[in-house]
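Here's the structure, in structure tokens; my notes come after.
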Amino acid sequence: MEFTEAQTFMEPRGSGGRTVAELVAARWGDHRPGLWCGDLTLTHHEVAAGAAARAALLTDLLPPGAEPHIGVLLDNTPEYPLWLSAAALAGAAVAGINPTRRGPELARDILHTECPLLITERPHLPLLTGLELPGVRLLLTDSQEYEDLLSGYAGAEPDASRATPTSRLLLYFTSGSTGAPKAAICTQGRLAAAGRTLAGSFAVRPDDVHYVCMPMFHGNAVIADWAPALAAGAGVALRPRFSASGFLTDVRRYRATYFTYVGRAIQYLLATPARPDDRDNPLRLGFGTEAGAVDAAAFRRRFGVRLVEGYGSSEGGAAVRWTPGTPSGAVGLAAPDDDLAVVDPETGTECPPAVLDASGRLLNGSAAIGELVNRGASPFEGYWRNPEAEAARRRGGFPRSGEAGTGRGWYWTGDLFYRDDEGFLYFAGRADDRLRVDSENLAAAMIENILARYEGAAAVAVYAVPDPVAGDQVMATLAGTFDPATFSAFLSAQPDLGTKMAPRFVRVVRRMPVTATNKIHRAGLRREGFRCPDPVWWRPPGEDTYRRLTGDDVAGLVERYRERGREELLGGFSR
């Protein structure tokens with residue numbers, strides 16, 4: 001099934017709540033099935049009742065004077081949306097705790113967000129062993145104590161009066177290439193508005209079922225999947241953890257019509273064995289980021305499901321919306337209230353429009369690609385206890401042509417884009433994924449899009465490794481099959497591969513390393529560089545073909561770095 005363009009901007013029934021608490025309370029008395037996970041099914045009314053009981057429990061458990069924050073360290077179990085809903089009713093905030101974090105980093109996340117209560121379950125207890133968490137009380141959702149506590153609030157009814165649109169609801173961590181994760185603030189008003197907008201944009205109906213398989217500690221699953229379902233009164237089906245092999249089985253079991261994705265999830269789904277009945281499914285839409293035009297087209301051919309690529313900075317400071325008529329490969333147009341520009345981060349001047357060939361390939365990437373900024377009023381609500389990061393994100397801008405002033409207050413997304421003549425925006429990667437090769441700025445995502453055409457590539461990541469003299473060299477990690485002669489011929493045949501874009505090094509892996517949110521673990525790849533445990537092929541300066549990097553090659557390269565005083569820039573394994 002697919003949605004039609006005529007349906008795109010319908011306003012869903014039951015979406016009028018200004019707060020998430022109002023949306024939760026609106027489901028009281030709705031006895032349709034509303035939440036599925038495994039063999040468990042709860043009605044919308046049971047979800048609202050469960051949220052009310054947990055909100056009352058939360059109110060009694062929070063110590064006097066403590067921040068109304070709770071940490072949630074759970075997989076995608078029914079307890080996760082129940083506690084999100086409970087926090088909304090109680091006027092509290094949920095800090096989603098990433099279970100892939102370890103030791104002091106995990107403790108830092110819990111303590112930084114000032115959570116006097118941590119909601120978790122027994123399988124996650126080993127993560128907490130030995131951690132110093134003063135003032136933090138654990139509440140195990142799979143314990144008898146928990147059941148006994150909840151039983152005392154069984155008659156609670158949802159009351160949305162304690163929440164306002166400015167009440168904090170989410171403290172969700174955003175990661176970068178350096179530094180500790182920052183806890184972005186999202187209020188009830190912003191989350192409710194996002195839910196209404198997405199539900200309207202994608203014509204979400206009360207009889208739809210949203211499949212939540214991305215982790216709920218991440219903003220994607222909550223903002224782009226759970227919130228629009230709540231706004232429209234649609235159902236939610238949970239998968240504790242993403243499974244490519246279990247995806248279609250779940251979709252059919254729950255009659256799911258909508259799902260979200262991030263990172264390499266679509267590639268993992270395409271890598272599963274094809275079956276004649278793949279198109280026999282109820283899905284009508286997938287919404288997410290980083291699938292890419294090639295994989296989106298392959299997904300639609302195989303599963304009969306349209307993927308819509310969207311963009312919204314994790315912090316909410318800028319949004320790009322798909323609309324009917326958006327060109328293939330483009331994300332969309334700036335949201336109506338945003339004044340978005342693609343600028344050179346060093347000068348603040350707007351980059352020239354993209355020059356695209358007949359197939360949509362970018363021909364002037366070095367000039368057209370810049371950082372996306374919002375020069376208008378930004379809905380960015382800040383970071384919890386991190387004024388330095390806020391200042392960097394909101395740092396002063398530059399005056400536009402013909403204007404006086406400083407442009408102070410621009411919101412810098414940290415993402416690279418380019419823009420065509422009609423204003424459509426195209427994602428080009430993270431700003432910290434920019435490479436500088438022989439004094440030319442390149443975007444890793446643009447090179448990845450080209451290398452993804454290589455027949456042997458199941459997944460590709462491009463990133464910078466230091467050049468022995470100055471700047472960077474291009475390195476690619478390729479999951480799949482690699483033949484050096486075939487790869488060299490492929491590169492020569494790509495009309496949009498600039499002279500500086502060809503990878504100097506190619507690391508070949510069986511499976512691409514990813515983070516908990518299925519994004520490529522670029523920091524780890526950059527850190528290991530060409531001194532890594534996997535086979536690496538390289539094209540030495542002046543040579544046209546790739547050959548296997550040997551231990552002697554590595555020793556010679558390291559000596560070159562040492563001669564130039566740049567050896568300390570190298571990470572990775574010793575050989």
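No value in this document is a laboratory result; all are computed from the given coordinates. Bear in mind that the values here come from a model prediction, so they are computed numbers and not experimental data. Here the Cβ is made from the backbone with ideal geometry for all residues, glycine too, and neighbour counts use every protein chain on show.
A few points about this structure:
- The value obtained for segment 5-309, namely the Cα convex hull volume divided by the number of residues, is 134 Å³ per residue.
- Net charge of Cβ neighbours under 15 Å - reference residue 19; Lys, Arg +1; Asp, Glu -1: +3
- For segment 438-575, a Kirkwood radius taken over Cα pairs fed into Stokes-Einstein (37 °C, viscosity 0.692 mPa s) yields D = 215 µm²/s.
- Summarising the amide proton neighbourhood of residue 261: residues at separation of 5 or more, or on other chains, whose placed amide H is nearer than 5 Å comprise 287, 288, 289.
- Between residue 272 and residue 144, the distance separating the two model label sites (each 7 Å from Cα on the Cα→Cβ line) works out to 3.9 nm.
- By the Kirkwood approach, averaging reciprocal distances over each pair of separate Cα atoms, the chain gets a hydrodynamic radius of 25.1 Å.
- Scanning the chain for DSSP H helices at least 20 Å long along the axis (C-alpha atoms) with a Kyte-Doolittle mean no lower than -0.5 picks out 44-61.
- Calculated mean residue ellipticity at 222 nm for the chain: -7500 deg cm²/dmol, from DSSP H runs with n ≥ 4 weighted as -39500 (n - 2.57), summed, divided by the residue count and rounded to 500.
- Test item: Cα-centred dipole of the chain, Lys/Arg +1 and Asp/Glu -1 on Cβ, debye: 600 debye
- Among 335-345, 427-437, sorting by the average number of other beta carbon atoms lying within 10 angstrom of each residue, highest first, gives 427-437, 335-345.
- Contour minus Cα-Cα distance for residue 133 and residue 534 (0.36 nm per residue): 140.5 nm
- Local electrostatic count, residue 423, Cβ distance below 14 Å [Lys/Arg +1, Asp/Glu -1]: -4
- Its relative contact order, with pairs defined as Cα atoms under 8 Å and 6+ residues apart, puts segment 460-556 at 28 percent.
- Segment 62-115: C-alpha gyration tensor shape, a/c 1.5 cut-off, then a/b vs b/c: oblate
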